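K.L.:
Sharing a structure below in structure tokens format, with a few things to ask.
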Amino acid sequence: MNAVVLVSGGGTNLQAIIDRIADGTIHNTKITAVISNNAGAGALMRAEKAGIPAEVVSPSDFEDREKFNMALLEKVESYAPDLVVLAGFLVNIPPAMVKRFAGRIINIHPSLIPSFCGKGFYGLRVHEAALKRGVKVTGATVHFVDEGTDTGPIILQKAVEVKDGDTPEVLQRRVMEEAEWKILPGAIDMIATGRISIGKA
Ligand code: GAR
């Protein structure tokens with residue numbers, strides 16, 4: 001299975017996928033490209049270090065959103081991926097891409113969906129909201145991507161304890177270590193080995 005990974009930031013989830021492919025935990029999978037909307041993303045360096053083609057498609061290089069969306073779709077399509085993985089990709093996926101890769105795009109979200117998800121909930125903001133609400137358990141979710149924001153069918157979830165004195169940064173790190181870096185590779189392996197799918201395009 002060929003996978004294209006879309007990123008925006010540090011790329012620790014990308015690294016987890018790279019490492020789990022290398023140690024054989026993820027079967028039958030090759031990352032053919034890493035694509036970032038952000039030229040400064042640390043994830044690009046991780047890709048290069050692993051010998052994976054790293055590309056940037058930045059909204060600032062295009063006249064409007066529509067042109068950016070088209071360029072992004074064309075870039076992803078050029079790799080003919082079996083699976084598109086959103087690993088901390090903080091851009092709304094255009095409907096044309098959801099349609100083109102129906103059932104073949106997955107996303108990692110740093111909460112137990114349906115809590116703390118949807119528009120405006122991304123990255124550190126998710127953990128800020130969880131701490132503000134005072135939940136004692138949070139976690140992460142991997143789901144198939146549909147036209148909505150964080151609304152697609154859930155593949156895997158893992159709960160993580162919130163501890164007294166947590167800051168958003170401390171909680172984010174615990175959710176990554178205990179949940180995200182496990183369930184994202186886990187979901188990719190499930191798809192690569194045919195243990196889960198939804199209607200293919
Ligand atoms: C991760 O916590 C991921 O779950 C989150 O962004 C972070 C990216 O970190 N994604 C979202 O909030 C999507 N709504 P990383 O670049 O180190 O993998």
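K.L.:
Can you tell me how many residues in segment 126-141 are surrounded by 14 or more Cβ atoms within 10 Å (Cβ to Cβ) and not hydrophobic (A, V, I, L, M, F, W, C)?
P.N.:
Count: 5.
K.L.:
So, in segment 179-201, exactly how many residues are open to solvent by less than 70 Å² (accessible area, probe 1.4 Å) and out of contact with any helix residue (DSSP H, G or I) (no Cβ under 7 Å at 6 or more places or on another chain)?
P.N.:
Going through segment 179-201 one residue at a time, the tally reaches 12.
K.L.:
Let me ask something else. Could you list, in sequence order, the residues of segment 142-171 that are assigned to a helix (DSSP H, G or I) and buried (at least 20 other Cβ atoms within 10 Å of the Cβ)?
P.N.:
Of everything in segment 142-171, just one residue is assigned to a helix (DSSP H, G or I) and buried (at least 20 other Cβ atoms within 10 Å of the Cβ), namely 171.
K.L.:
Would you point out which residue out of 134, 120 is more than 12 Å from the ligand (Cβ to nearest atom), on the phi > 0 side of the Ramachandran plot, over 15 Å from the mean Cα position of the chain (by Cα) and free of Cβ contacts under 8 Å to residues at least 12 places away in the same chain?
P.N.:
134 is the lone residue from the list that is more than 12 Å from the ligand (Cβ to nearest atom), on the phi > 0 side of the Ramachandran plot, over 15 Å from the mean Cα position of the chain (by Cα) and free of Cβ contacts under 8 Å to residues at least 12 places away in the same chain.
K.L.:
Considering (1) in contact with a Phe, Trp or Tyr (Cβ under 8 Å, 6 or more places away or on another chain); (2) closer than 23 Å to residue 150 by Cβ, say which one residue 121 fails and leave the rest.
P.N.:
(1)
Okay, residues lined up against (1) among the small types (Gly, Ala, Ser); (2) over 15 Å from the mean Cα position of the chain (by Cα):
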{"position": "34", "(1), (2)": "no, no"}
{"position": "52", "(1), (2)": "no, yes"}
{"position": "60", "(1), (2)": "yes, yes"}
{"position": "67", "(1), (2)": "no, yes"}
{"position": "76", "(1), (2)": "no, no"}
{"position": "114", "(1), (2)": "no, yes"}
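K.L.:
Just need a number here: residues in segment 70-114 that are open to solvent by 50 Å² or more (accessible area, probe 1.4 Å) and hydrophobic (A, V, I, L, M, F, W, C).
P.N.:
Number satisfying all stated conditions: 4.
K.L.:
May I ask you to verify whether residue 16 is in contact with an Asp or Glu (Cβ under 9 Å, 6 or more places away or on another chain), buried (at least 16 other Cβ atoms within 10 Å of the Cβ) and in contact (Cβ under 8 Å) with a residue 40 or more places away in the chain?
P.N.:
yes
The values are calculated or read from the model by the stated rules, or taken from the named source; none is laboratory data. Here the structure is a predicted model, which means the values were calculated and not measured. Every residue, glycine as well, gets a Cβ built from its backbone with ideal geometry; the counts of neighbours run over all protein chains shown. Remember, those area values only see protein heavy atoms, side chains included, never the ligands or the DNA or RNA. Shrake-Rupley method; radii C 1.70, N 1.55, O 1.52, S 1.80 Å.
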